[in-house]
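Each reported figure results from applying straightforward, stated rules to the coordinates on display, with no laboratory input. On a predicted model such as this, the values are computed, not experimentally measured, just so you know. A quick note on method: Cβ atoms are made from the backbone with ideal geometry, for glycine too, and the neighbour counts reach across all protein chains shown.
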Amino acid sequence: MRVLIVKTSSMGDLIHTLPALTDAARAIPGIRFDWVSERGFAEIPHWHPTVDDVIVSDLRRWKKSPLSSWLSKDYMAFRAALGASEYDAVIDTQGLLKSAWLIARLAHGEVHGYDKHSARESWAAWTYNHRYSVGRDQHAIERTRQLFAQALGYELTGPADAGIASDTLQSNDVWLIHGTSRADKEWPEEYWRALAQHLSGAGKQLHIPAGSDAEIARAHRIASGTDAKIWERCSLSDIKTEMARAQAVVAVDTGLAHLADALERRLIMLFGPTNPGLVGPKGAHSRLLKADAMAQIEVQDVIGALDA
């Protein structure tokens, strides 16, 4: 059985999709997947052993200048790649009109997705051949697992398993993941500095990833006075390989936090305005700290959680 997955972004959303592939592989021996992903996250599908090909989309860029983009060579190559294979099923897990209309319907295969009450954008449901009801008040991982189970016809059993955890021996490393897409999800920089000083003094080797110029500058300030390693604009796969050895990870609500959870590392995840019931950590070794505002989570709260 060959299935195409449409889940283009974001990083956390792609990672939350991985357990559904593990479910399907257990239920349907020999099943194989192709996956449509935005270029910046195209490494992630390759991490799962059931994925063969990743069809790279630049939809975000194409939408900025649609008239020229839809006639461009790279968009034509994208459409050709979508139409190059016959699929037993195409599953649009994005639930958006753009993913349904501009991607899923162009592939060769019956398209499956959420019904109008379950999709993020109800109009997307009208483009699908098969529609399924999945409660929107559930965690993103469970919603996707249920969509796959209904679309491919099997019963869900057991806990979520992203299929990327390893038996890598733990090190003395602690990762501090400070960067996120929204200012109200950030933990105060002075708190990060205090935590870094505490952990460094306790003999921990710190790792601080940073992607943008602003994150790189902040990472260097957080690391001041320590021997922390700063990961500047590194590939997701390189970070995954090293994070798999971590003794612990402290993170705000961002994609790399979900990676740590999927890797089954000891994770302390900090939540302010977002709902952890929908996107929070699921791993047995993860726990969350929640407050109305991020500044209300004290440094000592994090230290206590790490000690526990």
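Just the number: Rg to Rh for the chain, Cα atoms, Kirkwood Rh, two decimals.
Looking at the chain, the ratio lands at 0.99.
Just add up the charged neighbours of Tyr87: K/R +1, D/E -1, any other residue whose Cβ is under 13 Å from the Cβ of Tyr87.
So the environment of Tyr87 carries a net charge of -4.
Quick one: Cα centre-to-centre distance for the range 115-185 and the range 189-218, in angstrom?
Answer, in whole Å: 29.
Pairwise over distinct Cα atoms, reciprocal of the mean inverse distance: report the Kirkwood radius of the range 173-307 in Å, one decimal place.
Evaluated on the range 173-307, it is 14.6 Å.
On a C-alpha basis, how far is the centre of the range 247-294 from the centre of the range 8-75 in Å? Whole number, if you could?
Centre-to-centre (Cα) distance: 24 Å.
Percent of Cα-Cα pairs per 10 Å bin, from 0 to the last occupied bin, for the range 17-95, please list those.
That works out to 16, 46, 29, 9, 1, in percent per bin.
For a quick check: with amide H placed at 1.01 Å from N, whose amide H comes under 5 Å from Tyr114's, ignoring anything fewer than 5 positions away on the same chain?
Close amide H contacts, sequence-distant or interchain: Tyr132.
Quick one: in the range 230-285, what % of C-alpha pairs are over 13 Å apart?
Within the range 230-285, distances greater than 13 Å cover 58 percent of Cα pairs.
Relative to the compact globular guide of 2.2 N^0.38 Å, what is the alpha carbon radius of gyration of the range 2-152, as a ratio?
Cα-based Rg divided by the globular estimate yields 0.97.
Work out Dmax and Rg for the range 140-215 from the C-alpha atoms and quote the Rg first, both in angstrom.
Gyration radius and largest Cα-Cα distance of the range 140-215: 18.7, 53 Å.
Cut-off is 10 Å between beta-carbons; in what order do His178, His198 appear when sorted fewest neighbours first?
Going from sparsest to densest Cβ surroundings: His198, His178.
Return the inverse of the average 1/r over all pairs of distinct C-alpha atoms in the range 109-248, which is the Kirkwood hydrodynamic radius, in Å to one decimal.
18.4
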